[in-house]
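Have a look at the structure below, then the notes.
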Amino acid sequence: MAELAIDRLTLRFGGLVVLDGVSFSVEAGELLALIGPNGAGKTSVFNCISGIYHGDGAIRFRGQDIRGKAPHQIARLGVARTFQHGELFPHMTVIENLLTGRHARIRTNPLAEMLFLPSVKREEVRQREAVERIIDFVELERYRHTPVGGLPFGTQKIIGFARALALEPAILLLDEPSAGLNREEREDLARFILRIKHELKIAMIWIEHDMQMVADLADRIHVLDYGRTLASGPAESVLKDERVVAAYLGTGKKT
Amino acid sequence: MSDRMPRASGYFRTGYAQEMALTKTRLERASLFVFVVLLLAFPYFASAFYLDLANQVFLAAIGALSLMLLTGYAGQVSLGHAGLLAAGAFTAGILYKEINAPIYLTIPAAAVTGAVLGVIFGLPSLRLRGLYLAVSTLALHFIVVYLGGEYETKRGFSTGITIDAPVIAGFRLYGGKIWYFILLTFAAGTLLICVNLLRSRTGRAWRAIHSHETVAEALGISIAGYKLLAFVISSAMAAVAGALFAYYRSFVSVEAFSLFLSIQYVAMIIIGGMGSLLGALLGAVFVTLFPYLIEAALMKLPNAQSYAGLLFAVNYAAFGVVMILFLVFEPQGLVGIWRRIQTYFLLWPFKHKPVAGARK
């Protein structure tokens with residue numbers, strides 16, 4: 001069964017059709033790139049999956065329809081996402097940001113927390129160990145205790161990525177993780193994505209504008225244009241598709 | 001919460017639990033010990049006047065800490081704090097007058113009243129934000145004060161409810177010294193609860209909601225749940241402070257809970273420094289003592305008696321000026337000043353912070 005299957009997803013804002021019958025699915029350990037020109041509706045797909053927007057059609061997570069659930073309920077099922085601009089909690093340290101990312105995995109109740117009972121302390125230490133493993137994974141050790149607001153943008157993007165990973169998701173939605181990263185940071189990111197795919201077997205949907213990266217890494221590509229599916233399939237064929245080339249680069253012909 | 005700069009060399013941590021400890025170095029433990037000893041010794045040296053000042057500070061500290069949780073951490077603006085204090089005070093007063101309830105019942109009852117009111121006036125926060133939310137919390141203040149006033153007139157306590165000194169196991173809780181220790185205990189307890197909440201899941205959720213609601217929700221945090229929880233906990237604490245106030249003053253009256261009191265609490269957390277518990281404490285000390293300082297300063301002037309009538313006006317005006325000065329020149333509040341002094345000594349003889357790893 002597919003980890004996530006989207007069936008004829010349609011989203012309208014008044015008379016504006018943002019998504020028009022978009023269907024795709026992603027398997028465990030699969031890296032699906034979602035590409036398309038600006039305004040194609042890529043982020044809207046993510047917002048529908050994570051419950052921020054409510055569209056028509058079906059969104060099934062491991063066979064269960066999650067449409068209409070609140071965003072925090074969907075996150076608890078194991079759907080994690082990153083945001084285009086990082087959207088970190090600037091006054092919190094890297095560790096605190098990641099611990100917040102693990103919110104859904106922590107089981108302590110506020111009454112016990114008020115007294116910081118030994119059970120709470122044990123749980124916090126356990127969570128901290130889990131967070132340290134992720135910090136180790138994304139190589140952020142030196143920034144551990146630094147409030148993230150003052151860190152370089154590229155580092156912040158990686159922290160946002162790590163925060164999504166902290167949820168121990170079954171599906172990871174990556175919204176332009178490479179935007180604003182320099183060459184070296186992009187290579188690091190590519191390495192992290194491949195390690196997640198091979199070691200953690202997490203299904204990933206990846207919005208990306210760097211076609212070189214997409215061609216190199218993605219298992220499959222799904223192309224959107226004005227809310228419709230333009231093409232879908234393995235990287236080699238999709239990137240050669242005339243309509244995709246036309247939507248992205250334009251054609252010489254006058255229309 | 002965590003250290004922004006190494007405070008001491010030679011302390012190596014060997015477990016994550018050590019990083020969660022409230023005091024991390026021997027120096028910190030020693031200074032805390034000295035501070036506690038001074039606090040405990042204070043009533044044996046202080047005059048009744050200074051004892052009363054200290055007690056007022058403790059009461060203000062409980063209120064300021066609870067408002068800091070709500071506004072400084074969870075990001076929910078409230079102008080209803082005086083209403084919650086009033087609710088606590090009236091719960092204690094009414095229970096005492098009507099059924100002669102003992103203090104160990106009235107204080108928890110006040111907390112429950114506060115918690116229930118917290119749910120009610122937390123509900124608008126699910127839809128409203130910022131100034132609009134502040135105005136909706138204002139409504140709570142007027143409702144509580146109105147109900148309190150109705151009770152006073154209907155039962156014939158038109159000047160207020162008097163409460164006799166409570167008795168626990170034959171021991172009468174009366175006098176500044178005893179109340180100093182009671183209020184100190186409650187203030188310290190409130191501080192500890194706040195610190196503990198902030199270093200665990202709930203505190204992180206609040207801070208997350210404060211900076212990015214949508215992102216927090218996408219991480220699995222129930223926005224409605226944690227907003228209401230912030231209102232409930234904060235309101236329960238404020239109501240307890242109100243009940244303690246009633247017992248300490250042996251008197252409850254709606255006049256004590258004016259809108260100006262709410263503004264004073266907001267001032268405490270702004271002057272102290274938003275998003276810092278230490279800021280709440282410093283703000284509580286400052287705002288409580290400020291009128292007395294102004295009075296003392298005014299009395300030093302030549303021909304002091306002739307200004308005595310102006311004291312009230314001067315107090316209000318000076319309070320306003322100080323608020324403006326803080327907002328303009330020190331948005332981080334007293335805690336910002338405190339941190340700067342600390343940094344100065346930590347870095348001495350150097351002037352600038354290291355570039356990487358230890359910003360802010």
Note to self: I need to check one value: relative contact order of the range B:45-347, counting alpha carbon pairs closer than 8 Å and at least 6 residues apart, in percent.
What the structure shows: 32
Check: Debye sum, Cα scatterers, the protein assembly as shown, no solvent: what log₁₀ I/I(0) at q = 0.05, 0.06, 0.07 1/Å?
Finding: -0.29, -0.41, -0.54
Checklist line | Qualifying trypsin sites (Lys or Arg not before Pro) for the range A:162-209 [loop in DSSP, other Cβ within 10 Å: at most 16] | finding: A:LYS201
Notebook entry, point to check: Given the options A:GLY41, A:GLY149, A:GLY86, which has the most mean-square fluctuation in a GNM of chain A, springs set between C-alpha atoms less than 10 angstrom apart?
Noted result: A:GLY149
Checklist line | Using alpha-carbon coordinates, inclination of helix B:311-329 to the longest axis of chain B, degrees | finding: 20
Note to self: Past 21 Å, Cα to Cα: identify those pairs from A:LYS121/A:LYS201; B:LYS97/B:LYS154; A:LYS42/A:LYS157; A:LYS201/A:LYS240; A:LYS42/B:LYS227, in the order given.
What the structure shows: A:LYS121/A:LYS201; A:LYS201/A:LYS240; A:LYS42/B:LYS227
Check: Across peptide A:98-110, what mean number of C-beta atoms from other chains lies inside 10 Å of a residue's C-beta?
Finding: 5
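Given 20 °C and 1.002 mPa s, how large is the Stokes-Einstein diffusion coefficient of the range B:262-315 in µm²/s, with Rh as the Kirkwood radius over Cα pairs?
For these conditions, the coefficient is 176 µm²/s.
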Next item on the list: Report the normalised scattering of the range A:108-255 as log10 I(q)/I(0) at q = 0.08, 0.09, 0.11 Å⁻¹, calculated by the Debye formula with identical scatterers on the alpha carbons.
Entry: -0.34, -0.41, -0.57
Next item on the list: Compute from the Cα atoms of the range B:45-347 the Rg and the Dmax, the latter being the longest Cα-Cα distance, and quote both in angstrom.
Entry: 19.7, 65
Note to self: I need the peptides A:173-179, B:179-185, B:52-58 ranked by packing, meaning the mean over residues of other C-beta atoms within 10 angstrom, with the highest value on top.
What the structure shows: A:173-179, B:52-58, B:179-185
Notebook entry, point to check: Taking every pair of alpha-carbon atoms in the range A:89-167, what share in percent sits in each 10 Å bin, from 0 to the bin with the longest distance?
Noted result: 20, 49, 25, 6
Note to self: Just to be sure I understand: with springs between alpha-carbon atoms less than 10 Å apart, which residue in B:GLY88, B:GLY320, B:GLY118 has the highest mean-square fluctuation in the Gaussian network model of chain B?
What the structure shows: B:GLY320
Check: What's the center-to-center distance, using Cα atoms, between the range A:17-50 and the range A:96-134 in Å?
Finding: 33
Checklist line | Length-normalised contact order for the range A:89-167 - Cα pairs under 8 Å, 6+ apart - percent | finding: 57
Check: When you look at the Cβ of every residue in A:82-92, what mean number of other chain Cβ atoms sits within 10 Å?
Finding: 4
Next item on the list: Using the number of other C-beta atoms within 10 angstrom as an exposure proxy, rank A:CYS48, B:CYS194 with the fewest first.
Entry: B:CYS194, A:CYS48
Next item on the list: Could you tell me the convex hull volume per residue, in Å³, taken over the Cα atoms of chain A?
Entry: 146
Checklist line | Debye intensity ratio I(q)/I(0), log10, the range B:18-103, q values 0.23 Å⁻¹ (C-alpha model) | finding: -1.06
Notebook entry, point to check: What 222 nm value per residue comes from the helices of the protein assembly as shown, counting each DSSP H run with n ≥ 4 as -39,500 (n - 2.57) and dividing by all residues, nearest 500 deg cm²/dmol?
Noted result: -18000 deg cm²/dmol
Next item on the list: Taking chain B as the reference, fit the longest principal axis to its C-alpha atoms, fit the long axis of helix B:201-211 to the helix C-alpha atoms, and give the angle between the two in degrees, 0 to 90, nearest 10.
Entry: 90
Item checked: Cβ neighbours within 10 Å from other chains - mean over A:154-167 -> 1
Notebook entry, point to check: What relative contact order, as a whole-number percentage, does the range A:1-117 give when Cα pairs under 8 Å and 6 or more residues apart are counted?
Noted result: 23
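No value in this document is a laboratory result; all are computed from the given coordinates. Since this is a predicted model, take the numbers as computed values, not measurements. When we count neighbours, we look across all protein chains shown, and the Cβ atoms used for this are built from the backbone with ideal geometry, even at glycine.
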